[in-house]
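Every read-out reported here was derived from the displayed coordinates using simple, explicitly stated rules and does not represent laboratory data. From a predicted model like this one, the values you see are computed outputs, not experimental measurements. Note that each Cβ is placed from the backbone with ideal geometry, even for glycine, and that neighbours are counted across all protein chains shown.
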Amino acid sequence: MKQFDHIDLNLLRKYSRQGPRYTSYPPAPVFSTAFGPQSYLDEIQSTNASGDAADLSLYFHHPFCDTLCYFCGCTMLVTRSRSQISQYNSYLEKEIDMIAPMISQNRRVSQLHWGGGTPSYLTPEEIRHLGAFTGSRFNYSEDIEAGVELDPRELTFDHMQAFRESGFNRASMGVQDFDPQVQQAVNRVQPESITRDAVNWCRQLGFKSINLDLIYGLPFQTLASFEKTVDIVLDINPDRIAVFNYAHVPWLKKHQKLLLEETMPSPELKLEIFKMTIEKLIDAGYWNIGMDHFAKFDDEMARAQREHTLYRNFQGYSTKAGCDLYGFGMSAIGQFNQSYQQNTKGIAEYYQLIDAGKPATHAGYRMTADDHIRKAVIMGLMCDLELDMAVTEKQFDISFENYFRDALVKLREFIDDGLVSIGDSKISVHGLGRLVIRNIAMCFDAHIEKMMKEKPVFSKTV
Ligand code: SF4
């Protein structure tokens, strides 16, 4: 079955607007510093007091990288100092030892993620040590989904063995573009052979799912050059591919000024590159999960979408719903049913708070009744690409039509463009609607206007 018969550039152009990625609802710009360390402690206590044995998800942020990619939008620190990295690891352990004893021992970890920065910048010994330390403080589920973000440039087989011994079984690596001129311009020289080595090692060691990230919109990219990159990626044959739109925000990320705007593809060319990429991926048998994410039809993520068990959290699409997420390390975000919490983004402040015996929480958010309703609708649309309004009415005791009168008016534009239909109590997303699902979700977001006015920090949807 082919997902898109025709990709209409006019529609992509029309919906190329700024918008949240909805890894949470409400999105992180709504978080407030009124939610601090004590609020987090109260949340941990109340969510572990009832004997509830809901599974856990753990996220660890490893901020260090050895060189700076000029396009980078992550919370990272460039360092060549190994002692700085080991100091940070010791603080991660202190943070684990502060938080883990407060969590009910009945709860198993079914999802683990190391992100960054570059988790693979740790030495194999550091990976083994931190992996064993974490494993000794939590109970891992047998079918744990444990993912790690890799930079093939620093990677050795020993690193991958260390990750595997620490329980990791999913890997994601940045490629961005294989073209040497593009790689030079963005200060990330990564020959094709080392990406192939990294993927081969993952396969050899039994990693279940391998994802490659691409970015379109980087300097010197042309339709022909990016097509070559896509061809190489298809030959490598990963289970998942993400194709991100480069967000050029030099007023937020100062180092992006090192990229000259005149060398970047025009907005029109970017859309053509995206269109070509989608066509090639779909022709090769990949399935668009939504937005810029593609997976093989039999990959667990595509399966989860068909079985309506897909979920979204701060790591993106996930196959494990209903877990409380605990974040460790600077800038890490946690998510409970009633709240979100984010650690401070500054390393000095992170150390200070941990030294003072406090959680490093800098900001957070407590969900309101309205947020819960909208979150269910937005996550339903983002993950299932359809929503049963009757189920939502029953779940929250509302009249969908009355509650979402404004949202349904905003949805009219998408219905007129053939991207959404409403019938039999269902809202269904069709065709290219998958690619602009963020725009569709925005219709139901009660915070969007205020965020756009006060903190317009979102990337373009396509
Ligand atoms: S390796 Fe990743 S996190 Fe580090 S600078 Fe490059 S893009 Fe950013």
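Here are the numbers for this structure:
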{"quantity": "Region 347-377 and region 160-210: distance between their alpha carbon centers, rounded to Å", "calculated": "32"}
{"quantity": "Per-residue [θ]222 nm for the chain (sum of -39500 (n - 2.57) over DSSP H runs n ≥ 4, rounded to 500)", "calculated": "-11500 deg cm²/dmol"}
{"quantity": "Percent of alpha-carbon pairs separated by more than 24 Å within region 369-462", "calculated": "17"}
{"quantity": "Point-to-point label distance, Phe133-Glu93, nm (Cα→Cβ direction, 7 Å offset)", "calculated": "0.4"}
{"quantity": "Largest-first ellipsoid semi-axes for the chain, taking √(5λ) over the Cα gyration tensor eigenvalues, angstrom", "calculated": "32, 30, 21"}
{"quantity": "Centre separation in Å (Cα based) which lies between region 306-332 and region 7-40", "calculated": "15"}
{"quantity": "Computed label-point distance, nm, for sites Arg82 and Asp197 using a 7 Å Cα→Cβ extension", "calculated": "1.9"}
{"quantity": "Extension gain (nm, one decimal) between Thr33 and Ser425, 0.36 nm per residue minus Cα-Cα", "calculated": "137.1 nm"}
{"quantity": "Exposed trypsin sites (Lys or Arg not before Pro) absent - longest run of the chain, DSSP non-H/G/I/E/B, at most 12 other C-beta within 10 Å", "calculated": "81-462"}
{"quantity": "Between region 98-148 and region 215-243, the Cα center-to-center distance that results, in Å", "calculated": "32"}
{"quantity": "Förster radius 22 Å - calculated FRET efficiency between Glu165 and Asp298, Cβ distance, rounded to 0.05", "calculated": "0.20"}
{"quantity": "Estimated FRET transfer efficiency (Ala100, Lys410; beta-carbon r; R0 60 Å; 0.05)", "calculated": "0.85"}
{"quantity": "Where labels lie 7 Å past Cα in the beta-carbon direction, separation of Lys345 and Glu307 in nm", "calculated": "3.8"}
{"quantity": "Debye-sum result for region 25-106 in log10 I(q)/I(0), which assumes one identical scatterer on each alpha carbon, at q = 0.27 Å⁻¹", "calculated": "-1.27"}
{"quantity": "Glu261/Thr67 FRET efficiency (R0 22 Å; Cβ-Cβ; nearest 0.05)", "calculated": "0.50"}
